[in-house]
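One structure is given below, encoded as structure tokens.
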Amino acid sequence: MKTSIVFSILIASLMAHADIGFKRGNDRTAVLSQGDITVQCSGDAHNPPNTTYSRCQLEILSQGDYDYFIGPQRVQGDEVTLTATHSDGSSRSKTVGYDSSTGQSTKALNLWVYTLLQKPLLNAGDNKITYAISYKGKITARGEFLATVKDGGKKICRRHGYYSSMNPSECRFPQNFCSQFFQQNNFCL
């Protein structure tokens, strides 16, 4: 009888921690999407009409560049800090609000978008994620899980993008049309 009770508690404990990680899963695939665009610009008094060509490329996670952290059940918290240690030894941390009633972060975390103002939590390969949930500044739970980003290869958009602009200067920066191109083509996936 004691053995079955201990075994039941062990199973319940394992099940409570089985779903910790990102809402859409901890295994991701990075895909490099590429496509070509043409931008035609009208002329003005200082610039003749112009046509430029550009290759657009964007690396995306097929399961989403942003996702929510799902924590352990029945843990009080108002904030969670996630620290990713990448396979190259580098690390990055992000802190967001945490909702105890839903057991998840209050905002989706940037897992993959890299810009001048943003840096992603994950890198390609294995990412050891440690988390610390806190309530009013006191840590209430800690743990870790593994998030893996696999190489999904390259996807080439079959459709060529054509854009026109009344602004002659837009032909100097045709890559400004790339985000529109990828959105219109479902990121070439």
Separation in nanometres of the label points that stand 7 Å from Cα toward Cβ, at residue 78 and residue 150: 4.2
Rounded to 10°, Cα long-axis angle of helix 2-18 versus longest principal axis of the chain: 20
Residue of 120, 72, 174 that the Gaussian network model of the chain assigns the largest fluctuation, springs spanning Cα pairs under 10 Å: 174
Those lysines that a straight Cα-Cα span of less than 18 Å connects to residue 138, excepting residues fewer than 8 apart in one chain: 94
Net lengthening on full extension, residue 189/residue 138 (0.36 nm per residue, minus Cα-Cα): 14.0 nm
Candidate aspartates and glutamates for bridging to residue 150, where Cα separation is under 16 Å - those fewer than 8 sequence places away on the same chain excluded: 27, 59, 65, 88, 126
Residue 161 long-range amide H proximity, modeled H, under 5 Å: 36, 37, 38
Within the chain: Cβ-based charge dipole about Cα centre, in debye rounded to nearest 20 (Lys, Arg +1; Asp, Glu -1): 340
The chain: C-alpha pair distances exceeding 27 Å, %: 47
Segment 109-189 - convex hull of the alpha-carbon atoms, volume per residue in Å³: 169
For the chain, with +1 on Lys and Arg beta carbons and -1 on Asp and Glu, the positive-most of 33, 66, 182 along the dipole: 66
Top positive-direction residue, dipole computed over segment 112-168 with Cβ charges, set 145, 112, 168: 168
Accessible-area value, residue 94, 1.4 Å probe, nucleic acids and ligands omitted, Å²: 50
Estimated distance in nm for a label pair at residue 159 and residue 87, the labels positioned 7 Å out from Cα along Cα-to-Cβ: 3.4
Over segment 105-189, relative contact order from alpha-carbon pairs under 8 Å, at least 6 apart, %: 19
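The values are calculated or read from the model by the stated rules, or taken from the named source; none is laboratory data. Small disclaimer: the values here were computed from a predicted structure and weren't measured. With ideal geometry, Cβ positions are generated from the backbone for all residues, glycine too; neighbour counts draw on all protein chains shown. Accessible surface is based on the protein model in full, side chains and every heavy atom, while ligands, DNA and RNA are left aside. Shrake-Rupley method; radii C 1.70, N 1.55, O 1.52, S 1.80 Å.
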